Amino acid sequence: MSTPREPGTDSGTSAASGPAAPPDAPFEETPWRRLDPRTLLVHCGWMAAPLGSLALTALATGGRINTEAWITLAAISASFAVLTTLGLIRWARTEFRITIPRRGEGAGGASPTFDVRSGLLTRRLRSVPLHRIRTVDLTATPVHRVLGVTVLRAGTAGSGDGSSELSLEALTVPEAERLRTELLAYADAEAIANDPVVARINWRWLRYAPLTFWVIGGVFVAAGGAYRALDGIGIEAWKLGVVQRAFTEFGASALWLTIPAALVVILALGSVGAVVLYVENWWSYCLEWTDSRTLRVRRGLLTTRAVTIERARLRGVVLREPLLLRAGGGALVRAVAGGLGNREENRKRSGLLPPAPRAEALRVAGGALRSPFPGSAAPAALTPHPRVALRRRRVRGLLFVVLPGTAVLAGLGAAFTPVLLHCAWIYALITTALSLWLARDAYRNLGHGLDGPYLVARSGTFSRDTVALQRDAIAAWTFSTSPFTRRAGLVTLTAAVAAGDDGYRIPDLPATDAPGFATTAAPGILEEFLVHPGPAPVPGQRSR
């Protein structure tokens, strides 16, 4: 067993074993536990891609495998032998345990710790007090689920970039559940008065799945992935007979019929893909309070995910309404919380509600905050922004959308064919109307205010986001201006928090009002930088 040490240490190197602890040691001799041996099979999943490429190559060439393929197969075999040996050693040298302090005077101020001992050449012992653990997540990919194992990640205070996260891969599902229960056992287990289940999946929400980016973008993402996969095994997609015939027939047909038909096919494929992704991501979805201090989200069909968020780390929520989803009366909810990893991990783990009716989103947002969502009122309830912000949005739309496209089409039309001149004025007419409408919508969505302990900010048109942020979580303010905003008397105010996206913007505030609003929202940050006008000088008195 390891030599007794102070809790909370994170030592880079330690001995694999040491002398037995003395009788008066503050910690009990808890045995070390190991990962499941099926961890080795999980690490073999990397072979699926190269072996699949070889199989497709053999299928495309009629079973003839060239010298390059044999070399690839030999490299895979050698890599498999090396990595399997390293994985076996790593598995044998990775251990974990929960250390409980002894009862009595010898324990002193010791607290229970979670210890992970690992390392291939350099042995590393990480020991974290249980009271610092903020989230315990269980994630299982399809490979993990086939093998009956899962990955446990324990996020600690200050693990926003993932550097302080403890990860164990892989544990059996029952073992992982027991370990999660042990790690969270020291949370406040006081029973909550209301129903701990905030929301469950309702399959009527599937109608909102097509109202997302994946309706169109997902089709092109899938097509690009298929093209890269074929190109990786030496098949040029553009030279396939079926692809050439499709393009030939498309060009020979009436474009006024084929183009709308192609758009309908893309929308149909995108809708099916969006529904499939919705089902895969949110299968068995449940948002619940496991106790008075822990909020948990469970979801997933092939890849299951269980994310726990400590209430003390929940700094607010975001009500997100993308343009299409908003047109359909829907919204989704994300958490503003610390300890969820870097920006990419935070995007995956912060979801509290899939696309659903807006009324349900407001209810879930309030359930996560344990109070009515401050942004549930109409946009007019927030403080509006000056009209000059509307003018700025109109000018930007005309300068960056209408003018460049019109100029390019007009120039090509003057150089090559008058048809493009007609396209130029049609483009200018359509994009001008669209830009003015979007500018008006973006301006109407602008708003900010204070609602009790929360700062509320709303902005955006392609994705209207309403963030309710705890005022005491604001760590700093940033005032951003440009030559154009300074001339207009506007400033963009950003509230920096150690959670979520790290900063939340309030664009185009009046420059004269922004410092006062920031001081009121989060006192104690800006006071020393503010200059207050002094008393008027007495006539005849010399200024010093």
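Note that the stretch 418-479 carries a Kirkwood radius of 14.6 Å, evaluated over its alpha carbons pair by pair. Per residue, the convex hull spanned by the Cα atoms of the stretch 359-518 measures out at 142 cubic angstrom.
Of the two radii for the stretch 445-504, the radius of gyration is 0.99 times the Kirkwood radius, both from the alpha carbons; that is the Rg over Rh value. Taking all protein chains as they are arranged and a probe of 1.4 Å, the heavy atoms of ARG471 leave approximately 60 Å² accessible to solvent. When Rg and Dmax are taken over the Cα atoms of the stretch 314-425, they come to 21.5, 65 Å.
Quick one: pull the percent of accessible area on the stretch 378-482 belonging to carbon and sulfur, 1.4 Å probe, ligands and nucleic acids left out.
Numbers: 3990 of 5710 Å².
Carbon-and-sulfur percentage of accessible area, whole number: 70.
Sort THR494, THR39, THR84 by accessible area with a 1.4 Å probe, largest first.
Result, largest first: THR84, THR494, THR39.
Working note: Karplus 6.51/-1.76/1.60 with θ = phi - 60° gives the stretch 407-422 the couplings 5, 5, 5, 5, x, 5, x, 5, 8, 10, 8, x, 4, 5, 5, 5 Hz, where Gly and Pro are set to x. Under 5 Å between amide hydrogens, built in the peptide plane, is the criterion, and for GLU169 it picks out nothing among residues at least 5 positions away or on other chains. Annotation: per residue accessible area for the stretch 401-500 equals 51 Å², rounded to a whole number [probe 1.4 Å, protein chains only].
In the context of the full protein assembly, ARG93 retains an accessible surface of approximately 80 Å², using a probe radius of 1.4 Å and ignoring ligands and nucleic acids.
The values are calculated or read from the model by the stated rules, or taken from the named source; none is laboratory data. Not measured: the values here are computed from a predicted model. Just so you know, the surface numbers come from the protein's heavy atoms only, side chains and all, with ligands and any DNA or RNA stripped out. Shrake-Rupley method; radii C 1.70, N 1.55, O 1.52, S 1.80 Å.
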